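A short worksheet on the structure shown next.
The values are calculated or read from the model by the stated rules, or taken from the named source; none is laboratory data. Values in this document were obtained by computation on a predicted structure and should not be read as measured data. Reconstructed Cβ throughout: ideal geometry from the backbone, glycine too, with neighbour counts over all protein chains shown.
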Amino acid sequence: MISILTPTYNRAHTLSALFESLKVQSVPFEWIVIDDGSSDGTTEIVNSFKSTATFPIIYTFQPNGGKHSALNRGSQIAKGEWIFIVDSDDTLTADALSLVVNTSYNLPLGVLGFAFRRMHSNGNIIGKMINVNDPMELTPTQASSLFSGDLAYIFRKETLQKHPFPIIKNELFVPELYIWNKISDSGKIIYFPSKAIYITEYLEDGYSKNFKQNLKRNPQGFALFYRDQFFRETSPIQKIKNAIRYLQCLYYEIIQ
């Protein structure tokens, strides 16, 4: 069974679209919703979904600790062998989970995760188009450079449990790539460069459109990432960029 893991914070207005996309999936799964301290009626709307859902919905509320802490908690609750992380303001294509299941059956030994592409609602792939159909074994850093866009990741449950996100006092964010890279140090991650199964629209109050403010609020979490990323990059230009960002984090930490 696949576990869909959705961290959410004040996204009651977007969860219905995700729920509708889950209702048309053709394979068994469970939906785990970790409510990270919402105050907008998320509890009520998720409970209302249960009356029509044909799949288990596991809802857990926690005080606001950030998406990374919600992912930690969800990976402990999940019953599926594989965890598919799906954000609360996104949706899936109708064939998404059948592709995930079929892919998981045919992976070589040592694979800890795999990823498909994301697309906008108009069908355009997010990031660079890659004219390759065959699966590719890459590190997340290599994939980030090659695709230049967010990806739809699926990891083994035990892998996420073994690689929890660090929890930093008074901060609410640690870049996911920090942990995805740690996972790739332990085993393989396979990428499907031309198939999109995940539909994303970037909201005005989301992380992607508020990078600078997010960096200022979470300098220690970002510093962990940029320091680690400096040693992973092979391009001198990328090393310099990560070094500058790391110094920026140290500055923000000092002036807080």
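From the list 171, 201, the one residue that fits, being closer than 25 Å to residue 74 by Cα and touching a His at 6+ places or on another chain (Cβ under 8 Å), is 201. Scanning segment 13-28 for residues that are touching a helix residue (DSSP H, G or I) at 6+ places or on another chain (Cβ under 6 Å) and β-branched (Val, Ile, Thr) gives a single hit, 27.
To keep it simple, each residue is scored yes or no on (1) at negative phi; (2) buried (at least 16 other Cβ atoms within 10 Å of the Cβ); (3) under 18 Å from the mean Cα position of the chain (by Cα).
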| position | (1), (2), (3) |
| --- | --- |
| 54 | yes, no, no |
| 64 | yes, no, yes |
| 76 | yes, no, yes |
| 87 | yes, yes, yes |
| 90 | yes, yes, yes |
| 118 | yes, yes, yes |
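Tell me which residues, restricted to segment 153-178, are in contact (Cβ under 8 Å) with a residue 60 or more places away in the chain, part of a helix (DSSP H, G or I) and of a type in the set (A, V, I, L, M, F, W, C). If the condition is that a residue be in contact (Cβ under 8 Å) with a residue 60 or more places away in the chain, part of a helix (DSSP H, G or I) and of a type in the set (A, V, I, L, M, F, W, C), then 160 is the only one that fits.
Screening segment 92-116 for residues that are assigned to a loop (DSSP other than H, G, I, E, B) and surrounded by 14 or more Cβ atoms within 10 Å (Cβ to Cβ) and picking the one that is modelled with the lowest pLDDT gives 107. In segment 25-49, of all residues being more than 21 Å from residue 73 (Cα to Cα) and in contact with a strand residue (DSSP E or B) (Cβ under 9 Å, 6 or more places away or on another chain), the one that is surrounded by the fewest Cβ atoms within 10 Å (Cβ to Cβ) corresponds to 28. When 40, 35, 89 are screened for being of a type outside the set (Ser, Thr, Tyr) and within 22 Å of residue 115 (Cα to Cα), only 89 passes.
Okay, residues lined up against (1) surrounded by 15 or more Cβ atoms within 10 Å (Cβ to Cβ); (2) not hydroxyl-bearing (Ser, Thr, Tyr):
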{"residue": "163", "(1), (2)": "yes, yes"}
{"residue": "172", "(1), (2)": "yes, yes"}
{"residue": "182", "(1), (2)": "yes, yes"}
{"residue": "191", "(1), (2)": "yes, no"}
{"residue": "198", "(1), (2)": "yes, no"}
{"residue": "223", "(1), (2)": "yes, yes"}
{"residue": "227", "(1), (2)": "yes, yes"}
{"residue": "241", "(1), (2)": "yes, yes"}
{"residue": "255", "(1), (2)": "no, yes"}
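Look through 186, 235 and report the one residue that is small (Gly, Ala, Ser) and in the same structural domain as residue 72 (by TED's automatic domain parsing). Explain how you work it out, then say what you get.
Details: 235 fails: in the same structural domain as residue 72 (by TED's automatic domain parsing).
Matching residue, one of 186, 235: 186.
Would it be correct to say that residue 187 is surrounded by fewer than 20 Cβ atoms within 10 Å (Cβ to Cβ), more than 25 Å from residue 63 (Cα to Cα) and in contact with a Leu (Cβ under 6 Å, 6 or more places away or on another chain)? So residue 187 passes the test.
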